[in-house]
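Below is one structure; the comments refer to it alone.
The values are calculated or read from the model by the stated rules, or taken from the named source; none is laboratory data. Just so it is clear, the model here is predicted, and its values are computed rather than measured. Please note: Cβ atoms are built from the backbone with ideal geometry, for glycine as well, and neighbour counts cover all protein chains shown.
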Amino acid sequence: MNDPWVPVPMTIRSRRQETSDTVTFELDASAAPVRFRPGQFTMLWRYGLGEVAISVSGDPREPERLVHTIRAVGAVTRPITQLRPGDVLGVRGPFGRPWPVDEAEGSDVVLVAGGLGMAPLRPAWLHLLANRERYGRVLLLVGARTPADLLFPDQLGAWRARFDTEVQVTVDRADAGWRGPIGVVTRLLERAGLDPARTRVMTCGPEVMMKFVAREALRQGIPADRIAVSMERNMQCAIGVCGHCQWGADFVCRDGPVFGWDRVGARFAVAGV
Amino acid sequence: MARALPITHLQALLDRLGADGRTVVGPVARDGAVVLEPVRIVDELAQGWRDEQAPGRYRLVPGEPRVFGALLGPQSPKTWLYPAKLTLFRAERDGASFRTTSPDRPPRLALLGLRACDLAAIRLQDRVLLGSGVEDPAYASRRREVLLVAVQCHRSAETCFCASMDTGPEVSSGYDLRLTEVIDERGHRLVVEAGSEAGRAIAADLPLVDVPHDDDAASRQAAEARAGQSKSLRTEGLRERLLDALRGPHWDEVATRCLGCAGCTMVCPTCFCTAVADVTDATGAAERVRRWDSCFHTEFTHVHGGPTRAELAARYRQWLTHKLATWHDQFGTSGCVGCGRCTTWCPAGIDLVAEAERAATAERRTE
Amino acid sequence: MSEEERTIHVGYLSRVEGEGALHLAWKGEELVDLRLRIFEPPRFFEGLLRGRMATEAADITARICGICPVAYQTSACVAVEDAFGVTLPPHLLAMRRALYCGEWIESHVLHMLMLHTPDFLGVPDAMGVARLNRDMVQAGLRVKKAGNALVAALGGREIHPINVKVGGFWRLPRRDELDRVREQLVAARPEALAMVRWMGTFDFPELDRDVPLVALRPADTYPFFEGDLGTTTGLTIDVHQWSDHFAEEHVERSTALHCRLHGQPYLTGPLARFALNRDRLPDDLRALADELGLEAGVVRPFRSILVRGVEVLYAIDEALRLLDGFPVHLEPSVPVTPRAGVGWGASEAPRGTLVHRYEIDGDGRIVSAVITPPTSQNQLAIEADLRELAPELRSLDEDAARHRAEMAIRNHDPCISCSTHFLTLERVIEPA
Amino acid sequence: MRLAVHKFASCDGCQLSVLDCEDELLTIVEAVEIAYFPEASSRMDDGPWDCSLVEGSITTAHDAERIQEVRRKSKRLVTIGACATAGGIQALRNLGDVEAWRAVVYARPEYVATLATSTAIADHVPVDFELRGCPVDKHQLLEVLLAMLHDRRPAIPRESVCADCRRAGQVCVTVAKGVPCLGPATQAGCGALCPGYHRGCYGCFGPSDHPNAPALSRVWQAHGADRDTIVAALRTFNTAAPAFDAEAKRLEEDR
Ligand SMILES: Cc1cc2nc3c(=O)[nH]c(=O)nc-3n(C[C@H](O)[C@H](O)[C@H](O)COP(=O)(O)OP(=O)(O)OC[C@H]3O[C@@H](n4cnc5c(N)ncnc54)[C@H](O)[C@@H]3O)c2cc1C
Ligand code: SF4
Ligand code: SF4
Ligand code: SF4
């Protein structure tokens, strides 16, 4: 079926509770492999309940395993995160423009994730690791509210243990066991010792956080067109016809969700665009 | 030599358009306005009416015995090609999984009595719904099948500004048939010109008569309509002027007058925003229903945590700057065809042309 | 519980529209207390109408009762038109009557099938009835739906129609709207007949009552809002003379306004309407009434369900007659010019005569309003029925007695929300 | 799902809408267990209930207590209708002199116990969903029931009546006939009934989520409505709904 409105059923193969409100599903896409680029998203439909935009958080090299990391925040995500292996979700997609991982070849790359922002950045990170030789320094800077809110903590540990990556994690509020840095993620960026001439920044998280990340990167001299952000807007069609996700001249679903700061930076200064 | 259909044979046109099972949709007077509704017999058409339009005001008054004497009502081709409410798909459970079925085939349509701006609006919707990567199947299937029968305007309404938008008043392309309604000492007739193969085939089946000197009837009428058009939108540099004015003071002012009712977007022939809702019935069968939505609704931009355009001022700004500025970026053209519907049908009488001018020239707010 | 003293308390009367409770107490053989209580918090319609435009009365008073809004709208319109000196042309009277037919159908079938039938079959509700006879319930629901469709077609929606106004209607129905509802009514006719016949097979407790009856009694037709008021005591009065004969009193014992005819309890509603207008029914329905054991001159409250059934059939036939060839092209209303005065309006709500009286000033504002709904008129008569049944209620076991008492109350389908001025001081919950 | 239907001060019209779902009734009843619905059934199971539909406003001290109990026993509480969501037309008493009204209606007003106000359910207990309308629309009611049953968000838009009016292809009565209409400030849900019958909306679904009531007053004035007329229009079935109340107050103070 080629109707872009019609979801394809896919069975949940596994479910992992990431944090108290966030779950990672692996869907069986073997019948209709989802070839996606890091940063793209799909529309996930829970039968009869509603559809939401969710970034692919899995490995782009494995199109028959569709991985999503979903936080239960509302009327649709809550019941979706309650599903179990064997249950079925409807899937449309993938949609949207990817992170500029190809353009970044040869550069140093910094990924800055805030909270759930790690989900859309994970495929980019996996891509960097899988093609490690094509990139200079690769940094993953992660911020979370508390240690308990950290996504993929085990993997973070494993990545941090590698010698060819720089992974740093900071939290807003520490608990007893926390030994890492405390504070906003932009601090990590301040201290990353980047070479502005050869660095690309890709960031995803709350809009204010991305704004501060971009501002810091610009301050360090990284040009606006080397800074990419990923946006969230209300999305109903994901194919650029329903109008909901318009942001300035862009449809976030079609022209984004990943944007260069050169294109969108000014919009962050005007409320309600 | 022009070919014309004597008005006494108008039924033949309706019959021919409705042959092969098409629904013919034409101008009908209903509840104080001309609307587009299915017509089978000539008597159903809005003959003898004339529209008076002004910001926030529309009146249908008796006029000449013209069949197409009233110009534009609150409806447009969008009403039929991109319906206000539509089922996108149905689904039912299939064990743990589900099965989807596509909606029923849409009706084949003939739209009768469209104006130059209506044809322009269809071209614009084509760009959005067919020409920007992914096709919208519901629109595509209606659009591909439709016959477009346009009428040359013989006058302009007070709210018309198509001339300044370069979309009219001449009906110049995009039609299957073009009709020019002429009433003179030689009688009452429709000069018929075909604009496509399908149009030619229809014209060939009609009892047309040769009428000398009617060849330029369409351009004569267009010239009259143009001469009578007093409203115009200053389009040069408008995109830049509006985008420069995003922080201007004007938006807050217009938001004190705007009702936020979405009336303008609903009647606008190019506005395409829709919302979908998933519904289930008592048996558990599911359906996704799409309805016209509007950037004037707060829920339109709802994300977890609240709408991104919570203020009415921001929503009005979105409508105006999208229509007149960012459409250019998105679709290479203005999103406005100058039909004036948004202005006439705004209960508060907010005038798009006047607001665009005010917004674009309002003093900049100092940071 | 001692031999001497016995109390039956129906703590929460179900399956009536609204809330009510019944309290009965005996000392020995003697009935010492009988109170039908109504738990309807006051909503002060008569107060809030003061100062409103009389033309708003129809929309506002509709909200007194969601079960019979058309009755309120009709009595209000008739009363205001009376004050303003407006007369309606035949097609608007016909439409008003047809709309009223719709309300009778929906309200009567609701009561018969969903509220009253369960009593006769010993089940708690319509779902219980459906388990015994699903086809009949489905057929009945289709009849009710046809009534709803009629109200919606003429009134805009089933509950609190929006199309009614002083002087007529906002717009006349379109042909296609009429055609659709006609189809439904035609299909409902045989189903309604089958339903009534089925209900005729129920086991009816015997109770003949001798109570004055009051209803409109027009010269030549079965009443909706036409004619003078007639009584079985031989009275024929114009509704303007209402206060000369009827009086409402606020009784301390029951805390409710009770309406009396010359100081006596009386009954309005289907039993009264039917008794007073039996001769206005067409032959076939009179024959049906005979077949159902509804002889002239006898008032049998437990058979009120059958009387309603006859009225449902009448309403279907009447609506079909009125809508046949209805002139959809005429004006939907006549012009209305306010003037000072007093207007009265009476109409036959499904549950009985509903009287509105408005005093209106020169600007068309309401100076005072008095609304006398059927339930406040019937309350004393219902209590009288119960008094009649008291020996039986005393001898039956607890459950059976409660059941019998509830059934007797439901005979009159008291619509408690209609009780613009019925209420109770507090809810008394006593062990049964 | 165990369903309960409770009545407070009201006309019963909203709960009647449940019984008006003739086509769906028997299907729904198979999925929904009607545990407490005194108007329709003498089976009256005490809670707890999965979902309670609450009709009517709070007008007596006793009802103010009863709603607390209903809330305690209900997993979800959905208010239905203008009375329950905004106090209903009887909330007009909030402005008037209840004592005087009591005297108007009752010969012995001392027997009548009532609060001086009629208030919405949400003024007393947390409410999970508010369904508007005087009365509610039965299709919307069905949608809410099905949503509760299938554990999803009811698809009940909060936009204005105008949106539905235009989508239905109706001709705007204000623009085409100069008839004042509350539609632009009233929440959709009825299917834009009144304009379809050539009259202005009288606001029975209460304010939309983004009413610009002052702007609408000016539109009414432009079409010849005086202040009293506008105030009366706002002060009818949803008089205590904040947006209507505020605008009526503004006009009253301007007087
Ligand atoms: C490109 C993109 C990528 C994303 N990636 C992720 C991800 O990887 N993981 C993740 O957890 N989240 C992600 N999100 C966010 C996610 O889409 C939202 O959290 C989700 O839509 C919330 O839906 P909800 O219904 O649960 O929440 P709510 O807050 O209840 O509602 C949000 C959505 O519900 C709909 N809605 C709201 N109100 C109504 C109404 N009255 N009637 C009908 N519909 C209504 C709207 O479509 C709205 O967008 C992403 C969003 C975007 C745009
Ligand atoms: S914006 Fe207004 S004038 Fe322009 S096309 Fe839309 S309705 Fe017509
Ligand atoms: S008639 Fe009323 S509801 Fe309809 S569009 Fe006009 S203002 Fe809005
Ligand atoms: S149009 Fe307005 S008053 Fe009429 S039914 Fe709808 S919400 Fe109620």
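Among the residues of the stretch A:67-82, which ones are in contact (Cβ under 8 Å) with a residue 12 or more places away in the chain and under 23 Å from A:L150 (Cβ atoms)? Quick ask: steps written out before the conclusion?
To start, the set of residues in the stretch A:67-82 that are in contact (Cβ under 8 Å) with a residue 12 or more places away in the chain comprises A:67-73, A:75-77, A:79-81.
Selection gives A:V67, A:H68, A:T69, A:I70, A:R71, A:A72, A:V73, A:T77, A:I80, A:T81.
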Here are the criteria: (1) within 8 Å of another protein chain (Cβ to nearest Cβ); (2) β-branched (V, I, T); (3) surrounded by fewer than 22 Cβ atoms within 10 Å (Cβ to Cβ). Tell me which single one D:T60 does not satisfy. (3)
Kindly indicate whether D:D245 is of a type in the set (D, E, K, R), facing another protein chain (nearest Cβ under 7 Å) and more than 11 Å from ligand 4 (Cβ to nearest atom). no
Name the strands (runs of 3 or more DSSP E) wholly inside the stretch B:9-55 in which the number of residues that are in the same structural domain as B:L81 (by TED's automatic domain parsing) and among the polar types (S, T, N, Q) is 1 or more. B:23-30, B:49-54
Just one of the numbered conditions (1) more than 14 Å from chain A (Cβ to nearest Cβ); (2) in a loop (DSSP other than H, G, I, E, B); (3) surrounded by 19 or more Cβ atoms within 10 Å (Cβ to Cβ) is not true of D:P126; which one? (3)
Within the stretch C:41-58, can you find the residues that are part of a loop (DSSP other than H, G, I, E, B) and over 23 Å from the mean Cα position of the chain (by Cα)? C:R50, C:G51, C:R52
Is it the case that the stretch B:266-288 has a residue that's at positive phi and not in a loop (DSSP other than H, G, I, E, B)? no
Residue under evaluation D:A116, criteria (1) over 16 Å from the mean Cα position of the chain (by Cα); (2) surrounded by fewer than 24 Cβ atoms within 10 Å (Cβ to Cβ); (3) modelled with pLDDT of 95 or more, criterion not met: (3)
One residue from D:G47, D:G87 being more than 8 Å from chain C (Cβ to nearest Cβ) and either on the phi > 0 side of the Ramachandran plot or among the polar types (S, T, N, Q) (or both): D:G87
Looking only at the stretch D:164-182, which residues are more than 7 Å from chain B (Cβ to nearest Cβ) and not in a loop (DSSP other than H, G, I, E, B)? D:D164, D:C165, D:V173
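Do we have C:E206 as modelled with pLDDT of 95 or more and of a type in the set (D, E) here?
No; evaluated as a whole, the condition is false for this residue.
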Cβ-Cβ distance below 6 Å, separation of 6 or more or different chains: which pairs start in the stretch B:310-336 with a residue that is in the same structural domain as B:W251 (by TED's automatic domain parsing) and among the charged types (D, E, K, R) and end on one that is away from ligand 3 (no atom under 16 Å from the Cβ) and not in a helix (DSSP H, G or I)? B:E311/A:G272; B:R315/B:C295; B:R315/B:R309; B:K323/B:G335; B:K323/B:C336; B:D329/A:A249
Between D:C194, D:C162, D:C181, which is out of contact with any Asp or Glu (no Cβ under 7 Å at 6 or more places or on another chain), at pLDDT 95 or above and within 16 Å of ligand 2 (Cβ to nearest atom)? D:C162
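Could you list all residues from the stretch B:289-311 that are more than 16 Å from ligand 2 (Cβ to nearest atom) and part of a strand (DSSP E or B)?
B:V289, B:R290, B:R291, B:H302, B:V303, B:G306, B:P307, listed by residue number.
What residue, of D:R93, D:R108, D:R66, D:R72, is at pLDDT 90 or above, within 10 Å of another protein chain (Cβ to nearest Cβ) and over 15 Å from the mean Cα position of the chain (by Cα)?
D:R66
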Restricting the stretch C:136-188 to residues that are among the basic types (K, R) and in a loop (DSSP other than H, G, I, E, B), the residue that is farthest from the other protein chains (Cβ to nearest Cβ): C:R174
Yes/no for B:A314 being away from ligand 1 (no atom under 16 Å from the Cβ), closer than 21 Å to D:N212 by Cα and assigned to a helix (DSSP H, G or I): yes
Just name the residue that is nearest to ligand 3 (Cβ to nearest atom) out of those in the stretch B:249-264 that are at pLDDT 95 or above, buried (at least 24 other Cβ atoms within 10 Å of the Cβ) and assigned to a helix (DSSP H, G or I). B:G263
Applying the selection to the stretch D:188-204, what residues are in contact with a helix residue (DSSP H, G or I) (Cβ under 7 Å, 6 or more places away or on another chain) and either touching a residue at least 60 places away in the same chain (Cβ under 8 Å) or not in a loop (DSSP other than H, G, I, E, B) (or both)? D:P195, D:C204
So which residues in the stretch D:207-230 are closer than 25 Å to B:T298 by Cα, more than 16 Å from ligand 1 (Cβ to nearest atom) and either in a loop (DSSP other than H, G, I, E, B) or within 7 Å of another protein chain (Cβ to nearest Cβ) (or both)? D:P211, D:N212, D:A215, D:L216, D:V219
Scan the stretch B:323-354 for residues that are farther than 22 Å from B:R257 by Cβ, within 12 Å of ligand 2 (Cβ to nearest atom) and of a type in the set (V, I, T) and jot them down. B:T333, B:V337
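Does C:E81 qualify as being under 24 Å from C:T372 (Cβ atoms), of a type outside the set (A, V, I, L, M) and within 12 Å of another protein chain (Cβ to nearest Cβ)?
Judged against the criteria, C:E81 is not a match.
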Is it the case that the stretch A:24-37 has a residue that's assigned to a strand (DSSP E or B), within 13 Å of ligand 1 (Cβ to nearest atom) and either away from chain D (no Cβ under 14 Å) or within 25 Å of D:P154 (Cβ to Cβ) (or both)? yes
Index of the failed condition, D:D164 passing every other in (1) within 12 Å of ligand 4 (Cβ to nearest atom); (2) in contact with a helix residue (DSSP H, G or I) (Cβ under 7 Å, 6 or more places away or on another chain): (2)
Exactly one of (1) within 14 Å of another protein chain (Cβ to nearest Cβ); (2) assigned to a strand (DSSP E or B) is unmet by C:D363. Its number? (2)
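Residues that are more than 30 Å from B:C273 (Cα to Cα) and either surrounded by 14 or more Cβ atoms within 10 Å (Cβ to Cβ) or not assigned by TED's automatic domain parsing to the domain that holds A:N131 (or both): does the stretch A:233-240 have at least one?
No, the stretch A:233-240 contains no residue that is more than 30 Å from B:C273 (Cα to Cα) and either surrounded by 14 or more Cβ atoms within 10 Å (Cβ to Cβ) or not assigned by TED's automatic domain parsing to the domain that holds A:N131 (or both).
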Would you please list the contacts, defined by Cβ atoms under 6 Å and residues six or more apart or on different chains, that run from a residue in the stretch C:326-350 that is in contact (Cβ under 8 Å) with a residue 12 or more places away in the chain to a residue that is of a type in the set (S, T, N, Q) and assigned to a strand (DSSP E or B)? C:A346/C:T353
Would it be correct to say that B:A314 is away from ligand 3 (no atom under 16 Å from the Cβ), over 16 Å from the mean Cα position of the chain (by Cα) and surrounded by fewer than 23 Cβ atoms within 10 Å (Cβ to Cβ)? yes
